[in-house]
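Here is the structure we will look at.
Nothing in this text is a laboratory measurement; each read-out follows from the coordinates by a stated rule. Predicted model, so just to flag it, every value in this text is computed and none were measured. Cβ placement follows ideal geometry from the backbone for every residue including glycine, while neighbour counts extend to all protein chains displayed.
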Amino acid sequence: MRNSLTTTRAGAVLAFTLACTPGKSADIPDYFKTIVGTQNPSAAEVGTKNVLQLNKSMFALYGDAAQIFQHNFLSSHPVILGLFSGGGGRFILYRPGQAPLEAPSVPIQYQLMKSVGHSTMALGEIVVPYINSPDDHSWRGSMASYRAQMQAALDGIDATALQDDWKPNSRAILQNNIDFMDECLKANKITPEVVAEFAKKQSPLLKKNIAWAAQTQVHHWMDVIGQWKQMLGADWDKTYAASNTIYVARQNNILFSVLAQFFGPEAINDRLILIETISFTTTPEDMLDSLMRIVADRSVGAAFFGNYYLMDFELMGGDARQAIIDEDKQRNISVNLPPQVSFGSRQWPTLITPGTGPKTLSDLP
C-alpha cells in the first residue's frame, strides 16, 4: 500500500512538473492556471535581490557564530544578569563549568508595599478619563469591583509578612482608597476637586511606602552581589554583568545601580552594560544573546577599524552626525546634537547632565 501511495504521489508531482515546463502551457489543467506562471525579472532586480540577500544571510551567520562565541565566553568569564521582574528583580550568576545560580527573591514585603502603592495608581486609571463627564457612569462597575478587592486587602493586611511598624501606613493608604471610592459611588460622579483632595491625602503616605520598598529591594540585592563578589574572588575582575531596562526605568535603574557599586566606574559600558528593551521583562536567554552580541562585535571593530569599543556605537553615527550638520546648514536649521563622546566612554548610560527642578520624590511638595 505504501509503495502504491508513493508511486501515485510521484506520478502527481511528475505530472505537475511536466505541466509547468515551458512549452507545455497548453497542457496545464484549468485549475492550475490561476497559480502557475513565472515572472521575468530584470537584471537590475536580480542583482539587487542578490546583493540584499547578503544582509539577510548575515543575521543567520551571526546566530551560528553567537552559539560558539557564547560557549567559549562562558567557559572563561563569569556573567551576572539582572532582570526586571514584578517581584523586585532576578539575578542569575553564570560560572564556568557550573550550573546557573539564581539568587533568592526580594522579601515578600517589597511586593506587598508595591501592590498597596499601585492600588492607588490604579484608581487613577479608573477615574481620570471620567473627570468632568457627569453623565458618563461607565466607571461604576470597575470601581465597585475594585472596592471589594480593596476591602479584602485591608482586612488581611495585618496577617501579612509586612514589617509591623510599616503596616499602619499601608492600612491608611487602603482605607483612603476605600473612602474615596465610596464618596465617588455615593455622589455618582467624579470631580477634579475630589480627585485633587484624594491625591493630596495619599501623597505623603505613598512616599513612605515607596521609600521602604526601595530600601527593602536595595538591601537585599546589595547583600546578594556582595556575597557573589566575595565568592568569585579574583575572577571578579573578569566578570561581566548586564541588566535590562525600558524607557521609563532607565534613569536611576535600581539593578544596574546596585551592580555599579561593586563593579566600580571603570567597568561601566565595559564589563557592566545596561541593555534597553521594549518590555519590562525579558528572558535570560535573550539577555545573554544581547550581551554576547555586544562583546563579540567589539572584536570585529578592533580587527577592522582598530578600536575595541567602536561597535558599541552606531557605526554610521559619526558620518551621519556630520551629514546632519551639513544638512542643517543648507536648510538654515540650528544644530541640535549632544556633545560627542569618545569610544569606550565610562559615562553612566542614563541622563547625567545637571538641570533645574526636582530630582527625587522628596523634592516634590
Of the candidates M121, Q175, A214, the farthest towards the positive dipole end of the range 108-214 (Lys/Arg Cβ +1, Asp/Glu Cβ -1, centred on the Cα centre) is A214
I need Y94, Y62, Y110 ordered by Cβ neighbour count within 10 Å, fewest first. Y62, Y94, Y110
Distance between the range 232-303 and the range 31-101 - C-alpha centres, whole angstrom: 19
Under 25 Å from the Cα of K167 - lysines, other chains or at least 8 residues apart: K114, K200, K201, K207, K208
Enumerate the calculated ³J(HN,Hα) couplings along the range 52-58 in order (Karplus 6.51 cos²θ - 1.76 cosθ + 1.60, θ = phi - 60°), each rounded to whole Hz, writing x wherever the residue is Gly or Pro. 5, 4, 4, 5, 5, 5, 4
Quote the Stokes-Einstein diffusion coefficient, in whole µm² s⁻¹, for the range 108-214, based on the Kirkwood radius over alpha carbon pairs, a temperature of 4 °C and a viscosity of 1.567 mPa s. 91
Of all DSSP beta bridges located in the chain, what percent are antiparallel, nearest 5? 40
Compare the peptides 206-219, 29-42 by average per-residue count of other Cβ atoms within 10 angstrom and give them in order, highest first. 206-219, 29-42
Can you tell me the order of 63-70, 354-361, 145-152, 175-182 when each peptide is scored by its average per-residue count of other Cβ atoms within 10 angstrom, highest first? 175-182, 145-152, 63-70, 354-361
Diffing the range 265-270: the Karplus 3J(HN,Hα) column from phi (6.51, -1.76, 1.60, θ = phi - 60°), in whole Hz with x for Gly and Pro, holds x, 5, 8, 5, 6, 10
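Show me the trypsin sites (Lys or Arg not before Pro) within the range 153-200 that DSSP assigns to loop and that have at most 16 other Cβ atoms within 10 Å of their Cβ.
The qualifying sites: there are none.
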Using a 10 Å cut-off on Cβ atoms, rank the peptides 309-315, 158-164 from the highest mean neighbour count down. 309-315, 158-164
Using every Cα-Cα pair within the range 249-365, state what percent have a distance larger than 16 Å. 72
Convex hull volume of the chain per residue (C-alpha atoms, cubic angstrom): 356
